[in-house]
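The values are calculated or read from the model by the stated rules, or taken from the named source; none is laboratory data. Since we're looking at a predicted model, the values are computed, not measured. All Cβ positions, glycine included, derive from the backbone under ideal geometry; neighbour counts span all protein chains shown. Side chains included, ligands, DNA and RNA excluded: accessible areas come from the protein's heavy atoms. Shrake-Rupley method; radii C 1.70, N 1.55, O 1.52, S 1.80 Å.
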Amino acid sequence: MSAQATSPKAGDGGPVRIGAKRGLGFHNLLGLSLVLVLVAMFVALAIATNTFATPNNLSNLARQGAMIAILAVGQTFVIITAGIDLSVGSIVGFATVICALLIENEVPIWLSILLTLGVGGLIGAFHAFGIVRMGLPPFIVTLATLTALQGAGLLITNGSTINITHDVFTTFSRGDFLGVPNLFWIVVLVAVPGFIYLHMSKYGRYLFAVGSNAEAARLSGVNVNRVIYQAYILSALCAAIVGVMLASRTGTGNATQANGWELQAIASSVIGGTSLFGAVGTIWGPLLGAFILATIRNGANLLNVNSFWQYIITGGLIIVIVYFDQLRRRKSR
């Protein structure tokens, strides 16, 4: 058993703090490296194209990266516990359908948003129930939900799209505050509480402890089941927030419009330094990872690079990051 499990202070939070600090220096260095990579990409693209550094394109880039960034933050909570959530793309699409349906049936916007977020939270609770009470692997539970939610969304809409005609709701995504796109401010509103939760509270330490060694965490007095519920509810809640954002940006409710976003969220989290083996991750890493991928996509479009190269580059980055994560794990043993 690990050093955490054999701590003589089981129950007082001692082992949990050890797990929460695991890899902190590595991630500080990685975070700085990601910032430098992002800055270098901005400079290179500004030199290579005449349109990258324009206000319109930078605003578009901020909007493009914002939604994947929030998905990646939610995914990070789950991955830190050594789990995975493959359903977030389907939750986004399903949330657009629910939100659009409520708004078009003249439910007040604020209530439509709250109900949509509530549906997202319930989906996350269902995932945790399947994992904790039914003993199913996270991969299986969330994979099943991925397909089920798409089917449910298509049934609700009869395979079509719900158009949102509420101007206040649809214009929000195109607006800005202090010169910064509104959708980017939503990232700030999610990231700040996420940072406090993960890095400054006991609940964040519990996530790291469960991901490091669930049995050791249980012996230390951590309610492991509750931690898993929190992680999957937060992930699904982030996906529901993105669903509302996407419905506002596209003005539609469509169950399939976020297909594949779960892979982008996982890629952003991994590129940001979150370990797929659990117990290692930050809030800032996935945010930087999401905007690196958004910059790659944006730059490739401006340079008329075949879009298929974007997938190859993303896959290559994941392989490299996971490889170095394995090396770091071996050295720390």
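Quick notes
- Taking 7 Å steps out from each Cα toward its Cβ at I109 and A152 produces label points 2.7 nm apart.
- Stokes-Einstein diffusion for region 36-95, with the hydrodynamic radius set to the Kirkwood value over Cα pairs and evaluated at 20 °C in a medium of 1.002 mPa s, equals 155 µm²/s.
- Dipole of the chain, positive end: most advanced residue of G243, P286, I319 [Cβ charges, Cα centre]: I319
- Ordering F77, F129 by accessible surface, largest first, gives F129, F77; the 1.4 Å probe counts only protein heavy atoms, with every chain in place.
- For R63, net neighbour charge (Lys/Arg +1, Asp/Glu -1) across residues whose Cβ lies under 14 Å away: +2
- 11 Å beta-carbon shell around V222, net charge (K/R +1, D/E -1): +3
- Our coupling estimate for region 169-185, obtained by passing each phi through the Karplus curve with A = 6.51, B = -1.76, C = 1.60 and θ = phi - 60°, is 5, 6, 7, 4, 5, 8, x, 8, 9, 6, x, 10, x, 4, 5, 5, 5 Hz, Gly and Pro reported as x.
- Think of a 1.4 Å ball rolled over the protein heavy atoms: the chain then has 46 Å² of accessible area per residue.
- HN-Hα J in Hz across region 315-323 - Karplus 6.51, -1.76, 1.60, θ = phi - 60°, x for Gly and Pro: x, x, 4, 4, 4, 5, 5, 5, 4
- With DNA, RNA and ligands ignored, accessible area of W309 (1.4 Å probe; Å², nearest 10): 140 Å²
- Local electrostatic count at P181 - Lys and Arg +1, Asp and Glu -1, tallied over other residues with Cβ under 12 Å: +2
- By the equivalent-ellipsoid construction on the alpha carbon gyration tensor, region 121-263 comes out with semi-axes of 32, 22, 9 Å, ordered largest to smallest.
- Counting protein heavy atoms only, the chain has 67 percent of its accessible area on carbon and sulfur, 1.4 angstrom probe.
- In Hz, Karplus ³J(HN,Hα) per residue of region 132-138 (6.51, -1.76, 1.60; θ = phi - 60°; x = Gly, Pro): 7, 8, 9, x, 8, x, x
- The GNM of the chain, with springs linking C-alpha atoms under 10 angstrom apart, assigns the highest mean-square fluctuation among A236, A279, A300 to A300.
- The accessible area of Y229, taken with all protein chains in place and a 1.4 Å probe, comes to roughly 60 Å².
- q = 0.08 Å⁻¹, the chain: log10 I(q)/I(0) [Debye, one scatterer per Cα]: -0.38
- Applying a DSSP loop filter and a limit of 14 other Cβ atoms within 10 Å to the trypsin sites (Lys or Arg not before Pro) in region 126-225 leaves R133, R174.
- Remark on D176: its backbone amide H falls under 5 Å from those of N182, a criterion applied only to residues 5 or more positions apart or on other chains, H modelled at 1.01 Å from N.
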